[in-house]
Amino acid sequence: MRLFFLLGISALLPVSVKAQKTDSYSKKIDSIIAASVPLKFNGVVLISQNGKAKYLKANGYKDFVKKVALKTDDQFEIMSNSKQITAVLVLQAAEQGKLALQTPIKKYLPAITQPWADTVTIHNLLNHTHGIIDLEKPLAFKAGSQFKYGNLSYTLLGEILQNTTGKSFTELANSLFKKLKMEKTFVYNSKNNQALVPGYRSENNRFEKAEESFLNDKLAPAAGVVSTVEDLAKWDQALFKGKLLSPEFQKLILTPSTFSQHNVFGKESMGFGYNIRFIKEAGLDYYAVTGLGDGFTCLNTYFPSTDTSLIILENQMPKNSEHWSFQEAAIKNVVLKSIISK
């Protein structure tokens, strides 16, 4: 953790005006992704501003045995970043009057027999304040009283979408991707697994392929989207420019409704909503979503003040939890410093 702390601080240290003119964030990021201590970076980095790529590089391998290099348009599992897409689909269904966010889920999932189905709302599922630990057990806490992150609530949201719209999450999501011209983005399908980057578990810069994905069709609304950095930049432009939702529901998705802490953004709890983190760091407000698992590490941050997206997709997940999102945090700090220094 000491190395993580030092690197995070060093990225935020002030530099001279002369250095700012001659040393862009590109050189700093190049240095981070070229380093091998404490671990190698293996993925793709994109910085997009006003819808145009300002930095786009791939580093490392798609296949470590055959030494096949990664390309900038390779497709990665984006893990929990998928939940943000599910949240938008749920809000779109609410716009259409097919469901109501403050209605208990018993109405939409009548097969659930637990009493809590009459108290947990769709809102609680969206912001992880539901308290559900098992469909056959009592709640861990009263709905709305605490935050506990997990996949279960978003698998339930997938079922609710099916029951209220008559279409599966896969159908709804893939249709949305098509509208947004996210041509290399799709929902994982165990029966038709398109060619995508395999995930790896790493330790001491040795990479072990994750042979069996934990993804399945039911888990897709929680972690099953496959995408590229450039397609996710298109997603940011659509989401944060209000192209996906009406003003009423846009305000809702951009309003925090609970609190959560994540090491990439510091030790303090910050705002959390419908799978969007609301970060205030070094005097700057921005949005973020993270993903980790199945041999993948993902980060998507959007800085509205400069219309900048930083998107990082890695096909590695360190076995040492102290190294989770290590380079993601360091690169984010470089971009953050670059923005606030202007």
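Worth a mention:
- Residue among Glu203, Glu230, Glu171, Glu248 that alone is surrounded by fewer than 17 Cβ atoms within 10 Å (Cβ to Cβ) and farther than 19 Å from Glu95 by Cα: Glu203
- Any hit, region 32-50, residues being at pLDDT 90 or above and over 30 Å from Lys267 (Cα atoms): yes
- Residues located in region 51-89, provided they are farther than 17 Å from Leu299 by Cα, of a type in the set (A, V, I, L, M) and modelled with pLDDT of 95 or more: Val68, Ala69, Leu70, Ala87, Val88, Leu89
- Yes/no for Ala222 being small (Gly, Ala, Ser), surrounded by 19 or more Cβ atoms within 10 Å (Cβ to Cβ) and closer than 26 Å to Glu322 by Cα: yes
- Remark: Leu252 falls outside the filter, which requires a residue to be under 27 Å from Leu219 (Cα atoms), under 13 Å from the mean Cα position of the chain (by Cα) and at pLDDT 95 or above.
- So Asn216, is it more than 17 Å from Asn315 (Cα to Cα) and either outside any loop (DSSP other than H, G, I, E, B) or within 19 Å of the chain's Cα centre (by Cα) (or both): yes
- Which numbered condition Asp73 fails, given (1) in contact (Cβ under 8 Å) with a residue 24 or more places away in the chain; (2) over 27 Å from Pro198 (Cα atoms); (3) out of contact with any Gly (no Cβ under 7 Å at 6 or more places or on another chain): (2)
Let's see how each residue does on (1) touching a residue at least 60 places away in the same chain (Cβ under 8 Å); (2) touching a Lys or Arg at 6+ places or on another chain (Cβ under 8 Å); (3) surrounded by fewer than 19 Cβ atoms within 10 Å (Cβ to Cβ); (4) closer than 24 Å to Lys54 by Cα:
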position	(1), (2), (3), (4)
Asn275	yes, yes, no, no
Ile279	no, no, no, yes
Thr297	yes, no, no, yes
Pro304	yes, no, yes, yes
Ser309	yes, no, no, yes
Leu313	yes, no, no, yes
Lys319	yes, yes, yes, no
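- From the list Lys167, Lys209, Lys181, the one residue that fits, being in contact (Cβ under 8 Å) with a residue 40 or more places away in the chain, of a type in the set (D, E, K, R) and either on the phi > 0 side of the Ramachandran plot or in contact with a helix residue (DSSP H, G or I) (Cβ under 8 Å, 6 or more places away or on another chain) (or both), is Lys181.
The values are calculated or read from the model by the stated rules, or taken from the named source; none is laboratory data. Everything numeric in this text was worked out from a predicted model, so none of it was measured. Backbone-built Cβ (ideal geometry, glycine too); neighbour counts: all protein chains shown.
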